[in-house]
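Down below is the structure, laid out as structure tokens.
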Amino acid sequence: MNTVLITGANRGIGLEFCYQYGQQGWKVIACCRQPEQATELNKLAEHMSLQIHEMDVMNRNGIDALANELQHVSIDLLIANAGIYGEKPGHALGNLAYTDWADTLETNVLGVVKVVEAFLPHLRRSEMARIVALSSQMGSIEDNSSGGNLLYRSSKAALNAVMKSVAIDLTAEQIGVLIFHPGWVKTDMGGVNALIDAKTSVAGMVRQIQRFTMPQTGQFIKYDGTQLPW
Ligand SMILES: NC(=O)c1ccc[n+]([C@@H]2O[C@H](COP(=O)([O-])OP(=O)(O)OC[C@H]3O[C@@H](n4cnc5c(N)ncnc54)[C@H](OP(=O)(O)O)[C@@H]3O)[C@@H](O)[C@H]2O)c1
């Protein structure tokens, strides 16, 4: 049985990843900040092979503690999904929310890399390990024609840079890395005007992950497989 670890698993895209991999018969290690309040996740656990663990990606000691607790587990797929947008009013020059900016970088960049680092021994136990990072087209410098959104854009651009390096660094071990733009998705973050639902976005990403071969490692792609500019 394949095993997937998913961060930010209690709602939105993370919850849908849990559902779709659970449906496919994978063992799901679902991580979230408040397991006891994760109602939908707890409901999923009644019907599929899904364990829920507490993880705040801003708490590096907590991540290490969970990695240690799961030290004998082999992980085939790590989905670093947890992310925040930062405060909207504090996104533009003249009104920048520096504390929120630091939290956004901490969550969207350091939080992702720390989870990857802590669970590398578990990934190394798999015969075909993959790492997936949820980035955003808003992290693309080339694609930025509308400006603004400094907090979020900078965090996802930094995430892209570090995950590209991680991909290169892990190539010798045949551990593959994919960096996704999930589309503009109807979730709490994406809002009601978004273009696609989480089901469509995640089904697309699951398909791309399934088709993945090592020459693609480090690519920045959309949920439908379209390659994106850096
Ligand atoms: N929706 C879109 O249109 C869109 C577009 C591009 C990229 N993305 C990216 O896709 C990913 C998922 O987005 P989404 O739309 O599903 O967002 P969402 O509905 O706002 O859900 C965000 C998830 O991240 C978790 N999270 C936030 N901070 C955390 C922390 N410190 N530790 C652990 N978990 C934390 C949240 O947990 P709590 O419930 O505890 O807050 C929640 O489970 C994000 O990385 C986002 O940037 C989304």
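The values are calculated or read from the model by the stated rules, or taken from the named source; none is laboratory data. Source: prediction; values computed, not measured. Positions of Cβ are generated from backbone atoms using ideal geometry, with glycine treated the same way; all protein chains shown enter the neighbour counts.
Please indicate, with yes or no, whether at least one residue in segment 50-73 is of a type in the set (S, T, N, Q) and either crowded, with 16+ Cβ neighbours inside 10 Å or closer than 21 Å to residue 182 by Cβ (or both).
Filtering segment 50-73 down to residues of a type in the set (S, T, N, Q) leaves 51, 59, 61, 68, 71.
Those left that are additionally either crowded, with 16+ Cβ neighbours inside 10 Å or closer than 21 Å to residue 182 by Cβ (or both): none.
No - not one qualifying residue is present in segment 50-73.
When you check residue 221 against the structure, is it at pLDDT 95 or above, within 20 Å of residue 16 (Cβ to Cβ) and part of a strand (DSSP E or B), yes or no? Lay out the reasoning, then the answer.
Working: at pLDDT 95 or above: yes; within 20 Å of residue 16 (Cβ to Cβ): yes; part of a strand (DSSP E or B): yes.
Spelling it out, residue 221 is indeed at pLDDT 95 or above, within 20 Å of residue 16 (Cβ to Cβ) and part of a strand (DSSP E or B).
Given the structure, is residue 161 surrounded by fewer than 18 Cβ atoms within 10 Å (Cβ to Cβ), under 21 Å from residue 77 (Cα atoms) and of a type in the set (A, V, I, L, M, F, W, C)?
Numbers: surrounded by fewer than 18 Cβ atoms within 10 Å (Cβ to Cβ): yes; under 21 Å from residue 77 (Cα atoms): yes; of a type in the set (A, V, I, L, M, F, W, C): yes.
When the stated conditions are applied, residue 161 passes them.
For segment 1-98, give me every one of the strands (runs of 3 or more DSSP E) that falls completely inside it and has 3 or more residues that are within 15 Å of the ligand (Cβ to nearest atom), within 20 Å of residue 120 (Cβ to Cβ) and under 15 Å from the mean Cα position of the chain (by Cα). Quick ask: steps written out before the conclusion?
Working: elements: 3-6, 27-32, 50-54, 77-80.
Once the strands (runs of 3 or more DSSP E) in segment 1-98 are filtered for at least 3 residues that are within 15 Å of the ligand (Cβ to nearest atom), within 20 Å of residue 120 (Cβ to Cβ) and under 15 Å from the mean Cα position of the chain (by Cα), what remains is 27-32, 77-80.
From the list 155, 145, 136, 140, which residue is farther than 19 Å from residue 17 by Cβ, surrounded by 21 or more Cβ atoms within 10 Å (Cβ to Cβ) and at pLDDT 95 or above?
Values: 145 fails: surrounded by 21 or more Cβ atoms within 10 Å (Cβ to Cβ); 136 fails: farther than 19 Å from residue 17 by Cβ; 140 fails: surrounded by 21 or more Cβ atoms within 10 Å (Cβ to Cβ).
Exactly one of 155, 145, 136, 140 is farther than 19 Å from residue 17 by Cβ, surrounded by 21 or more Cβ atoms within 10 Å (Cβ to Cβ) and at pLDDT 95 or above, namely 155.
Here is a yes/no grid of residues against (1) buried (at least 19 other Cβ atoms within 10 Å of the Cβ); (2) away from the ligand (no atom under 11 Å from the Cβ); (3) at pLDDT below 95:
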| site | (1), (2), (3) |
| --- | --- |
| 165 | no, yes, no |
| 190 | yes, no, no |
| 197 | no, no, no |
| 204 | yes, yes, no |
| 214 | no, yes, no |
